[in-house]
Amino acid sequence: MWFLVFSVCFLSNLNFSLGYGDDNLPVVITTWGSDGFEKATKKAVDATLLGGRMYGLVEGLSTCEALQCDTTVGYGGSPDENGETCLDALVFDAEGMRVGAVANLHRIRDAAKVAWGVMNYTKHTLLVGESATQFAKSIGFVEQELATNETKSWIESWKNGKCQPNFWKNVSPDPSSSCGPYKPNPSVYKYTSVNEAGYLVEKTNHDTIGMVVLDLEKKISAGTSSNGARFKIPGRVGDSPVPGAGAYANSFGGAAATGDGDVMMRFLPSFYTVSQMELGTKPGKATTKAIKRILAVYPKFSGAVVAMNSNGNFGVACANINKFGYNVAYRNGTVFTFKIACLSQQKTFSENLDKPIDFA
């Protein structure tokens, strides 16, 4: 299926509507501007017209999983230290605040659809690990290998390169120059302030598609799908499947995040962004405030938040990424791809992090 793609480059974050009107509904915004993400955005619009916002969301996320977008979504990407690829996904319906999610899902390729199964067939919100795999099998999904020859070669090269980079600290031997197994250092419980970020986010190491859908009735869904951080410690779960971190939605708007998930989940940036929009803040300013809150503590953090309010206005903010790309699609099939400059490292930190959060 062909579709039009327009690429637009902006120097800084702005609020956009692109001639939005009811005739253009549904509207979909997604993170990252490469080909697979564009196709997923278009698929989400088409599927929303056929089956509503949740069907559109899940079909859009599933398209990226099948296409292995940037090798950071779906099978065949981001192996852990043992060489295994595991998947995370979250689907969020603003109507009734319904949520389904899976994390550290093994040997099942359809993470977004399994998350939708958690929403539709259980009273739970999040299932994890091997138990999530058994749930998926119980509702009809089939186990498949998630690793590929490419991911196996990545692990081999990583081990030959002394397991660099990795996510260990305060252990011996020195994780910056050797592989494990590691043992904790005796002073591990002594508090030190390091303001560190986990990894640099870029096109092939960002780990998430985030998506927000506005349907024909101006109701919102949002979600994510990810194969996590490359060479992570087995069992690691980032922000993507966590409600309020990876994605969030209510009747006022929706937001989704991408980037250094270990840092982002500490700030619930999607929830914060939507809360700002609920108070009347425009999406561009809301996302910027969410990113600045993180930079105030982790100046080297890299990531982004996309958001859309119930009026169809959208905004995006990012940090320490060279020209972050994202997509917006409308009913007529046109996909607009934007690139914006990101906020860079801030030299000043919050003077009083113990103060209550100011949501105004």
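Tell me yes or no: at least one residue of segment 276-289 is of a type in the set (A, V, I, L, M), farther than 30 Å from G76 by Cα and buried (at least 24 other Cβ atoms within 10 Å of the Cβ).
Let us first name the residues in segment 276-289 that are of a type in the set (A, V, I, L, M), namely 277, 279, 286.
The next check asks that each one be farther than 30 Å from G76 by Cα; those that pass are 277, 279, 286.
Then keep just the ones that are buried (at least 24 other Cβ atoms within 10 Å of the Cβ); that gives 277, 286.
Checked segment 276-289: at least one residue is of a type in the set (A, V, I, L, M), farther than 30 Å from G76 by Cα and buried (at least 24 other Cβ atoms within 10 Å of the Cβ).
Residue pairs, Cβ under 6 Å, 6 or more apart or interchain, first in segment 161-184 and touching a residue at least 40 places away in the same chain (Cβ under 8 Å), second hydroxyl-bearing (S, T, Y). List them.
Partner pairs satisfying both residue conditions: W168/Y182.
Would you mind stating whether T273 is open to solvent by less than 10 Å² (accessible area, probe 1.4 Å), touching a residue at least 12 places away in the same chain (Cβ under 8 Å) and closer than 26 Å to R107 by Cβ? Walk me through how you get there before you give the answer.
Working: open to solvent by less than 10 Å² (accessible area, probe 1.4 Å): yes; touching a residue at least 12 places away in the same chain (Cβ under 8 Å): yes; closer than 26 Å to R107 by Cβ: no.
No.
With respect to V118, is the statement that it is open to solvent by 20 Å² or more (accessible area, probe 1.4 Å), among the hydrophobic types (A, V, I, L, M, F, W, C) and under 20 Å from the mean Cα position of the chain (by Cα) true? Working first, answer last.
On the way: open to solvent by 20 Å² or more (accessible area, probe 1.4 Å): no; among the hydrophobic types (A, V, I, L, M, F, W, C): yes; under 20 Å from the mean Cα position of the chain (by Cα): yes.
Here the answer is no, as V118 does not meet what is asked.
Anything in segment 290-331 that is open to solvent by 30 Å² or more (accessible area, probe 1.4 Å), in contact with a helix residue (DSSP H, G or I) (Cβ under 6 Å, 6 or more places away or on another chain) and either modelled with pLDDT under 95 or not polar (S, T, N, Q) (or both)? List them, or say none.
Across segment 290-331, the qualifying residues are Y298, R331.
For segment 147-171, what are the residues that are within 15 Å of R107 (Cα to Cα) and either at pLDDT 95 or above or of a type in the set (S, T, N, Q) (or both)? Lay out the reasoning, then the answer.
Residues of segment 147-171 within 15 Å of R107 (Cα to Cα): 147-148, 151.
Within segment 147-171, T148, T151 meet the criteria.
Are any of the residues in segment 35-54 open to solvent by 60 Å² or more (accessible area, probe 1.4 Å), modelled with pLDDT of 95 or more and over 16 Å from F336 (Cβ atoms)?
Looking through segment 35-54, at least one residue is open to solvent by 60 Å² or more (accessible area, probe 1.4 Å), modelled with pLDDT of 95 or more and over 16 Å from F336 (Cβ atoms).
If you take just the strands (runs of 3 or more DSSP E) that sit entirely in segment 200-285, which of them hold at least 1 residues that are hydroxyl-bearing (S, T, Y) and at pLDDT 95 or above?
On the way: elements: 209-214, 220-226, 247-250, 253-259.
Here the list reads 220-226, 247-250, 253-259.
Among the listed residues V142, V194, which satisfies the condition of being modelled with pLDDT under 95, open to solvent by 60 Å² or more (accessible area, probe 1.4 Å) and out of contact with any Ser or Thr (no Cβ under 9 Å at 6 or more places or on another chain)? Don't jump to the end; show me each part of the working.
Working: V142 fails: modelled with pLDDT under 95.
So the residue among V142, V194 that is modelled with pLDDT under 95, open to solvent by 60 Å² or more (accessible area, probe 1.4 Å) and out of contact with any Ser or Thr (no Cβ under 9 Å at 6 or more places or on another chain) is V194.
Taking the conditions exactly as written (more than 21 Å from P243 (Cβ to Cβ), touching a Gly at 6+ places or on another chain (Cβ under 9 Å), touching a residue at least 24 places away in the same chain (Cβ under 8 Å) and crowded, with 24+ Cβ neighbours inside 10 Å), does T71 satisfy them or not? Spell out the reasoning first.
Details: more than 21 Å from P243 (Cβ to Cβ): yes; touching a Gly at 6+ places or on another chain (Cβ under 9 Å): yes; touching a residue at least 24 places away in the same chain (Cβ under 8 Å): yes; crowded, with 24+ Cβ neighbours inside 10 Å: no.
The answer is no for T71.
Residue check: is F92 aromatic (F, W, Y), buried (at least 16 other Cβ atoms within 10 Å of the Cβ) and over 22 Å from S270 (Cβ atoms)?
Details: aromatic (F, W, Y): yes; buried (at least 16 other Cβ atoms within 10 Å of the Cβ): yes; over 22 Å from S270 (Cβ atoms): no.
Judged against the criteria, F92 is not a match.
The values are calculated or read from the model by the stated rules, or taken from the named source; none is laboratory data. Note that the coordinates shown come from a computational prediction; the quantities given were computed from them, not determined experimentally. Glycine gets a Cβ as well: all are built from the backbone with ideal geometry, and neighbour counts include every protein chain shown. Protein only, heavy atoms only, side chains kept; ligands, DNA and RNA dropped before computing areas. Shrake-Rupley method; radii C 1.70, N 1.55, O 1.52, S 1.80 Å.
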